[in-house]
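For reference, the structure is listed below as structure tokens.
The values are calculated or read from the model by the stated rules, or taken from the named source; none is laboratory data. Bear in mind that the values here come from a model prediction, so they are computed numbers and not experimental data. Positions of Cβ are backbone-derived with ideal geometry, glycine not excepted, and every protein chain shown enters the neighbour counts.
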Amino acid sequence: MTKEEAKETFYKLRAEYNRIVYPKYLHSDLDDMQSKYNQLKEMEEFLRDDFTYARLINSITQTIARLSIKGTRSNTSERGMNKAIPPVLRNGNKEFVLYEWESDKSGKVCSISGDWDAKSYMVMDVIGHLFLLKENGDVIPDEITPIFTDYDSIRKREQEIDTNNIGKPDNAPMIITEEDLPALRQQKYVRFDDRHFRSFTGLKLCSNDIFDLLKKTSAVEFRIEFPVRMVTDKGKSMKEKWYSMNVFSHPFELGYIDAKTRTDGIVQNRFYYIIFNTILGEMFVHNLLTKNYDWVDNNLYHLPQSAQIFYRHLLLHHNLVKPEYNLSTIIERMHFKDTNITNLIANLEINTLNPLKKYGLILDYKQTKGLNGTKYEIALPETGKRGSKRKNSPTDTTSTSEGDVGSGK
């Protein structure tokens with residue numbers, strides 16, 4: 001290889017790498033990255049003094065390291081949940097949490113009854129992703145298949161669900177029997193077991209932990225304004241419209257089957273039925289079926305809770321390259337309670353911004369002074385491509401079909 005040949009190959013590899021959407025490890029193939037790295041190392045004697053060559057080597061090395069992490073998966077993350085639902089965290093030992101605020105869309109009072117934290121968002125990621133896989137033969141669907149056609153169709157469905165729920169028992173988890181299955185299959189639902197949940201979260205959770213997470217998430221009630229992605233202009237475009245819920249709604253109903261139990265009574269494996277037969281659940285599913293989602297790597301679930309919520313609530317669904325937030329806005333949106341501003345800022349940077357920077361979800365941040373006091377400027381990777389369409393990969397093919405999950409094999 002001559003120096004000119006080395007340069008020509010280098011420029012080609014660099015162009016190919018630069019075309020990969022960020023985060024690059026979510027849109028890359030490990031074998032391809034390894035091949036590129038090997039080719040670059042072969043031309044090291046010709047380009048070792050070239051700064052751009054060293055930078056490309058470093059970038060590809062980091063991408064390979066991310067791709068090599070065992071169990072890393074990416075999940076779809078429905079935008080409405082991340083936009084419309086703020087964190088509601090338990091205050092001390094109180095068992096009941098009711099949070100209310102005035103919508104900036106309509107001025108109506110919105111309410112959340114229950115505890116909603118980073119794990120609640122994670123649950124919605126996983127069940128939404130598994131639902132999409134189940135709907136399209138274990139691959140994320142390319143076609144858009146909306147449930148609702150317009151604003152009135154949502155209102156009509158909300159009234160229908162509310163009427164059907166009159167006299168219905170509380171939203172407690174229900175044991176699923178064979179007799180329940182025909183009616184269940186007429187609804188929007190997904191079925192999976194503990195193995196799937198652990199795989200898609202990357203967390204080591206026992207069956208009881210997973211059951212408690214699902215039960216806790218399903219028990220929260222919402223009466224909020226929720227963004228719904230609508231097909232407009234005779235199918236030529238999509239537009240987000242905010243729907244004001246008129247009644248309280250759970251995100252889903254939970255059913256289960258104890259599949260494997262030890263002699264001492266400890267359940268080791270369950271099959272779960274997530275049934276989206278609530279108005280919030282159907283709007284959530286509608287958004288997924290209209291591709292109203294972003295992609296998140298399940299390593300996000302290992303970050304501190306405040307980092308996860310900040311990323312979802314303030315960054316994930318935006319296309320801004322350098323968003324700016326006043327500290328007062330961050331405090332309000334994140335529900336920070338510390339009245340000592342010095343401590344609050346320290347915790348914001350240590351437990352929220354620094355982990356996001358270390359993980360690569362933000363490039364950097366800077367504290368500045370503005371007209372409204374302290375603010376933070378945040379530099380995001382690339383040009384807002386965090387939510388770009390991602391091709392299906394082998395990690396997206398964990399089966400949720402009737403024959404696999406339902407059989408208990």
Margin query: I'm checking my understanding of the structure. Among residues of segment 294-328 that are farther than 22 Å from Met238 by Cβ and among the charged types (D, E, K, R), which one is surrounded by the most Cβ atoms within 10 Å (Cβ to Cβ)?
Written below: Asp297
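Considering only residues of segment 139-154 that are under 16 Å from Asn287 (Cα atoms) and of a type outside the set (Val, Ile, Thr), which is surrounded by the fewest Cβ atoms within 10 Å (Cβ to Cβ)?
Of all residues in segment 139-154, those under 16 Å from Asn287 (Cα atoms) come to 140-151, 153-154.
Okay, now just the ones that are also of a type outside the set (Val, Ile, Thr), so 141-143, 146, 148, 150-151, 153.
Numbers: Pro141: 15, Asp142: 9, Glu143: 7, Pro146: 18, Phe148: 23, Asp150: 14, Tyr151: 14, Ser153: 14.
The selected residue is Glu143.
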Notebook entry, point to check: Among the numbered criteria (1) without any contact (Cβ under 8 Å) to a residue 60 or more places away in the chain; (2) more than 27 Å from Glu100 (Cα to Cα); (3) more than 16 Å from the chain's Cα centre (by Cα), which single criterion is violated by Arg198?
Noted result: (3)
Note to self: Here is a check on your reading of the model: is Thr352 in a helix (DSSP H, G or I) and either in contact (Cβ under 8 Å) with a residue 60 or more places away in the chain or under 23 Å from Asp117 (Cα atoms) (or both)?
What the structure shows: yes
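Listed here are the residues, each with its yes/no results for (1) assigned by TED's automatic domain parsing to the domain that holds Glu8; (2) at pLDDT 90 or above.
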{"position": "Glu44", "(1), (2)": "yes, no"}
{"position": "Ile57", "(1), (2)": "yes, no"}
{"position": "Lys105", "(1), (2)": "no, no"}
{"position": "Val109", "(1), (2)": "no, yes"}
{"position": "Val123", "(1), (2)": "no, yes"}
{"position": "Asp138", "(1), (2)": "no, no"}
{"position": "Ile144", "(1), (2)": "no, yes"}
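Listed here are the residues, each with its yes/no results for (1) modelled with pLDDT of 90 or more; (2) farther than 23 Å from Asp194 by Cβ.
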{"site": "Tyr256", "(1), (2)": "yes, no"}
{"site": "Ala259", "(1), (2)": "yes, no"}
{"site": "Ile274", "(1), (2)": "yes, no"}
{"site": "Lys291", "(1), (2)": "yes, yes"}
{"site": "Trp295", "(1), (2)": "yes, yes"}
{"site": "Phe310", "(1), (2)": "yes, yes"}
{"site": "His313", "(1), (2)": "yes, yes"}
{"site": "His318", "(1), (2)": "no, yes"}
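Every residue in segment 276-293 that is touching a helix residue (DSSP H, G or I) at 6+ places or on another chain (Cβ under 8 Å), crowded, with 20+ Cβ neighbours inside 10 Å and either free of Cβ contacts under 8 Å to residues at least 24 places away in the same chain or not aromatic (Phe, Trp, Tyr) (or both), please.
Step one: filter segment 276-293 for residues touching a helix residue (DSSP H, G or I) at 6+ places or on another chain (Cβ under 8 Å), giving 276-279, 282-285, 287-289, 292-293.
Retained after the next criterion (residues that are crowded, with 20+ Cβ neighbours inside 10 Å): 276, 278-279, 282-285, 287-289, 292-293.
If the condition is that a residue be touching a helix residue (DSSP H, G or I) at 6+ places or on another chain (Cβ under 8 Å), crowded, with 20+ Cβ neighbours inside 10 Å and either free of Cβ contacts under 8 Å to residues at least 24 places away in the same chain or not aromatic (Phe, Trp, Tyr) (or both), then Thr278, Ile279, Glu282, Met283, Val285, Asn287, Leu288, Leu289, Asn292 are the ones that fit.
Return yes when Tyr243 is at pLDDT 95 or above and within 20 Å of Arg191 (Cβ to Cβ) and no when it is not.
no
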Notebook entry, point to check: If a residue has to be exposed (fewer than 10 other Cβ atoms within 10 Å of the Cβ) and in a helix (DSSP H, G or I) to count, how many in segment 168-181 make the cut?
Noted result: 2
Next item on the list: Spot the failing condition for Asn165; the list is (1) surrounded by 13 or more Cβ atoms within 10 Å (Cβ to Cβ); (2) in contact (Cβ under 8 Å) with a residue 40 or more places away in the chain; (3) of a type in the set (S, T, N, Q), and only one is missed.
Entry: (2)
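Does Phe310 qualify as being part of a strand (DSSP E or B), among the aromatic types (Phe, Trp, Tyr) and under 18 Å from the mean Cα position of the chain (by Cα)?
Working: part of a strand (DSSP E or B): no; among the aromatic types (Phe, Trp, Tyr): yes; under 18 Å from the mean Cα position of the chain (by Cα): yes.
For Phe310, the condition - part of a strand (DSSP E or B), among the aromatic types (Phe, Trp, Tyr) and under 18 Å from the mean Cα position of the chain (by Cα) - is not met.
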Item checked: Hey, Glu160 among the acidic types (Asp, Glu), modelled with pLDDT of 90 or more and in contact with a Pro (Cβ under 9 Å, 6 or more places away or on another chain) or not -> no
Next item on the list: Confirm whether Ala65 is in a helix (DSSP H, G or I) and modelled with pLDDT under 85.
Entry: yes
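Only one residue in Asp233, Asp258, Asp264 is at positive phi and surrounded by fewer than 22 Cβ atoms within 10 Å (Cβ to Cβ), so which one is that? Write out each step before concluding.
Values: Asp258 fails: at positive phi; Asp264 fails: at positive phi.
Step by step, each of Asp233, Asp258, Asp264 is checked, and only Asp233 is at positive phi and surrounded by fewer than 22 Cβ atoms within 10 Å (Cβ to Cβ).
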Next item on the list: Report, by residue number, each residue of segment 81-102 that is within 19 Å of Ile331 (Cα to Cα) and modelled with pLDDT of 90 or more.
Entry: Asn82, Lys83, Ala84, Ile85, Pro86, Pro87, Val88, Tyr99, Glu100, Trp101, Glu102
Item checked: Selection from segment 182-201 of residues that are part of a helix (DSSP H, G or I) and either of a type outside the set (A, V, I, L, M) or surrounded by 14 or more Cβ atoms within 10 Å (Cβ to Cβ) (or both) -> Pro182, Leu184, Asp194, Arg195, His196, Phe197, Arg198, Ser199, Phe200, Thr201
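Among the strands (runs of 3 or more DSSP E) confined wholly to segment 217-293, which include 3 or more residues that are of a type in the set (A, V, I, L, M) and assigned by TED's automatic domain parsing to the domain that holds Ile144?
On the way: elements: 221-223, 225-232, 237-244, 253-261, 267-275.
Fully inside segment 217-293 and qualifying: 225-232, 253-261, 267-275.
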Note to self: Can you go through Ser218, Ser207 and tell me which one is out of contact with any Pro (no Cβ under 9 Å at 6 or more places or on another chain), buried (at least 17 other Cβ atoms within 10 Å of the Cβ) and not aliphatic (A, V, I, L, M)?
What the structure shows: Ser207
